[in-house]
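Student: The structure follows.
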Amino acid sequence: MSEPDLDQLADAARNRGLKLVRSRVRTPGKRRFGKVGLVDKSGKPVFGMDAKGPIGTPEDAQDYLRNLGTSDWGASLDVAAPQRKRSATKAPRQPANDPRPPPPAKIKQPPKPKIRNAKPSDAPTLVELFGFLGHPIDEKPLRRNLAALKKAGDAVLVATLGNEIVGVCGVGRRTVIHRDAPLGRITALVVAKETQGHGIGRMLVEAAEKWMRDHGCKLVEVTSNDRRTQAHAFYRHLGYERTSIRFAKKL
């Protein structure tokens, strides 16, 4: 073998916790010329060695290293065998004849509803919700209204499930001449039909009431169309009372 091959052989030995010993004889034809051997980390002979030095051929040492198993060199050389990285732990399979019921599968929990302030990018979904409420409006004026309400210090709250908007509540306050504190008002409240009955309307109303309390309001009012009897029952359930009749006139 050439010298580069011996370097590769030394690397292979090192990877197995061994050391390649090369003969110091440099004269061709001499008995130990070109011989190699293997020792462990403490210098104990493992292969191709006698009392005077290496006696094995590079080919034999290479074959020995190739055939050397982890159980052989790890136990006999008193060196730690390299541990393979374990893959992610998998749930043990239940034997087919196991009488016990299989463990229940983990069920992905649905997202919980959250309340946040509306953003201009919410406009397309809000248009759909207000259309469902019976107040059709185009996206451009709705965006304009959002900007005006924000500038006036009022709020538009939306309820979300994951990334989906499922409800909206308009909240405002105004000073009236006959009250000693600002009057809070829920100007609009709508929940998507497919998510009604899951407490989202209550969450929006509670968030609106908190906003009004934080802004100094002592009374909240809300108007609801005469034909929306379910909405009337909803507000009564939350503690609202009918106090007046609303009149309206188009200008």
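Student: So if I check each of Arg185, Arg144, which one is at pLDDT 95 or above and surrounded by 17 or more Cβ atoms within 10 Å (Cβ to Cβ)?
Tutor: Arg185
Results for (1) in contact (Cβ under 8 Å) with a residue 40 or more places away in the chain; (2) farther than 14 Å from Ala118 by Cα, shown as yes or no for each residue.
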{"position": "Lys151", "(1), (2)": "no, no"}
{"position": "Thr160", "(1), (2)": "yes, no"}
{"position": "Ala207", "(1), (2)": "yes, no"}
{"position": "His232", "(1), (2)": "no, yes"}
{"position": "Gly239", "(1), (2)": "no, yes"}
{"position": "Ile245", "(1), (2)": "no, yes"}
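Student: When you go through (1) outside the structural domain of Leu126 (by TED's automatic domain parsing); (2) surrounded by 10 or more Cβ atoms within 10 Å (Cβ to Cβ) one by one for Arg246, which number turns out not to apply?
Tutor: Failing condition for Arg246: (2).
Student: Looking at region 20-33, can you tell me whether even one residue there is assigned by TED's automatic domain parsing to the domain that holds Asn67, aliphatic (A, V, I, L, M), more than 19 Å from Asn67 (Cα to Cα) and in a loop (DSSP other than H, G, I, E, B)?
Tutor: Looking for residues that are assigned by TED's automatic domain parsing to the domain that holds Asn67, aliphatic (A, V, I, L, M), more than 19 Å from Asn67 (Cα to Cα) and in a loop (DSSP other than H, G, I, E, B), one finds at least one in region 20-33, hence yes.
Student: Considering region 61-93 alone, what residues qualify as being modelled with pLDDT of 80 or more and exposed (fewer than 15 other Cβ atoms within 10 Å of the Cβ)?
Tutor: Asp63
Yes/no matrix, rows are residues, columns are (1) in contact with a strand residue (DSSP E or B) (Cβ under 6 Å, 6 or more places away or on another chain); (2) not in a helix (DSSP H, G or I):
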residue	(1), (2)
Ala148	no, no
Val171	yes, yes
Ile177	no, yes
Ala181	no, yes
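Student: Do you know which of the residues in region 152-163 that are modelled with pLDDT under 95 and not small (Gly, Ala, Ser) is surrounded by the fewest Cβ atoms within 10 Å (Cβ to Cβ)?
Tutor: So, considering only residues that are modelled with pLDDT under 95 and not small (Gly, Ala, Ser), the one surrounded by the fewest Cβ atoms within 10 Å (Cβ to Cβ) is Asn163.
The values are calculated or read from the model by the stated rules, or taken from the named source; none is laboratory data. Computed from a prediction, not measured in an experiment: that's the story for all the values here. For neighbour counting, all protein chains shown are included, and Cβ atoms are generated from backbone atoms with ideal geometry for every residue, glycine included.
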